[in-house]
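Here is the structure we will look at.
The values are calculated or read from the model by the stated rules, or taken from the named source; none is laboratory data. Keep in mind that this is a model prediction, so the values were computed, not measured. Here the Cβ positions follow ideal geometry from the backbone for every residue, glycine too, while neighbour counts run over all protein chains shown.
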């Protein structure tokens, strides 16, 4: 009986962090901006739908877009299985990824769902110290993908192809997209350098950062466990340092699979509706740059800002018709963003009951 109250308090803290009420803000921001942009672009006319081809290929490539998103999540599951050395089952890995993505969807882009991901992994039976090391490793691998691919895409596609939009100049300080990309990339390099240093060189630094993280109000209930987990993290980080290159190659391969599949979603959507005559590699490269730009968004899940960047930055790849770009942005978010709201609403209540032993669901 003495342990029931702390468990209820912990569940209350997590449920507040993952509450349904937090879905309201990003949905309103995202749909509100889409509506406002459509109204502004179409107030003097209507969308000429003959610019969009709706054929059998539309269904085929929309299914392909959904398949790319499934492949993306499967890649993340494979990576969790590798990093946990098989201690997480496929079902546990799936549940963790869905919870993680739901938390990311309702958190600012720069924060993501990592702040509570440690708890998700820990509640699947992994020690909190080892969970911290696993989450840090996933962050490191994700950021490493961007750090390596960004200059590679600039080299292959060329800076003019990535930063020349409409009548704007190419690679210059007068181009706002260049500013966003450079700021986002610089942040990622600095952030991943810190993660790599803490994970592979000085895990005691990460231990101190975890203690600061668990100083936040909604995580404060776990501060005592966080202190104890610090030493576990140090030892588990040592284990990661001992892993051979094959271990990290497989982990990065799963990361590469996940992010690459996610970028191909837009290519599939464009093929579903347009006679696409542009370079698929250039479209892929712009998406990578676009995701780096989205890092600066303060809104939950990048809502609003993501739709704006998509409709502006990828407009050259679409028919030059009023309203088409923002509609494509909305369809893109339907595949890559809103499904995780549904997954969260379905999974979170049962997960709270199972992991905290509480019959009454506290999710709001």
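Just wondering, is there one or more residues in the range 295-318 that are assigned to a helix (DSSP H, G or I) and within 30 Å of residue 122 (Cα to Cα)? Please lay out each step first, then the result.
Residues of the range 295-318 that are assigned to a helix (DSSP H, G or I), as a first pass: 295-296, 305-313, 315-317.
Next, only the ones that are within 30 Å of residue 122 (Cα to Cα) stay: 295-296.
Yes, there is a match, as at least one residue in the range 295-318 is assigned to a helix (DSSP H, G or I) and within 30 Å of residue 122 (Cα to Cα).
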Yes/no for residue 115 being at pLDDT below 85, over 26 Å from residue 308 (Cα atoms) and either in contact with a helix residue (DSSP H, G or I) (Cβ under 7 Å, 6 or more places away or on another chain) or crowded, with 22+ Cβ neighbours inside 10 Å (or both): yes
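Check 74, 63, 78 and return the single one that is under 28 Å from residue 264 (Cα atoms), surrounded by fewer than 21 Cβ atoms within 10 Å (Cβ to Cβ), modelled with pLDDT of 95 or more and touching a helix residue (DSSP H, G or I) at 6+ places or on another chain (Cβ under 6 Å). Full working, then the answer.
Working: 74 fails: touching a helix residue (DSSP H, G or I) at 6+ places or on another chain (Cβ under 6 Å); 63 fails: touching a helix residue (DSSP H, G or I) at 6+ places or on another chain (Cβ under 6 Å).
The unique qualifying residue is 78.
Quick one: would you say residue 285 is crowded, with 17+ Cβ neighbours inside 10 Å, without any contact (Cβ under 8 Å) to a residue 24 or more places away in the chain and in a helix (DSSP H, G or I)?
Numbers: crowded, with 17+ Cβ neighbours inside 10 Å: yes; without any contact (Cβ under 8 Å) to a residue 24 or more places away in the chain: no; in a helix (DSSP H, G or I): yes.
Against the criterion (crowded, with 17+ Cβ neighbours inside 10 Å, without any contact (Cβ under 8 Å) to a residue 24 or more places away in the chain and in a helix (DSSP H, G or I)), residue 285 does not qualify.
Can you tell me which residue in the range 339-359 is farthest from the chain's Cα centre (by Cα), limited to those that are without any contact (Cβ under 8 Å) to a residue 40 or more places away in the chain and closer than 18 Å to residue 106 by Cα? Step through it out loud before you land on a result.
Taking the range 339-359 first, the residues without any contact (Cβ under 8 Å) to a residue 40 or more places away in the chain are 342, 346, 349-350, 353-354, 359.
Narrowing the set further to residues that are closer than 18 Å to residue 106 by Cα leaves 342, 346, 349.
Details: 342: 16, 346: 19, 349: 22 Å.
Selected residue: 349.
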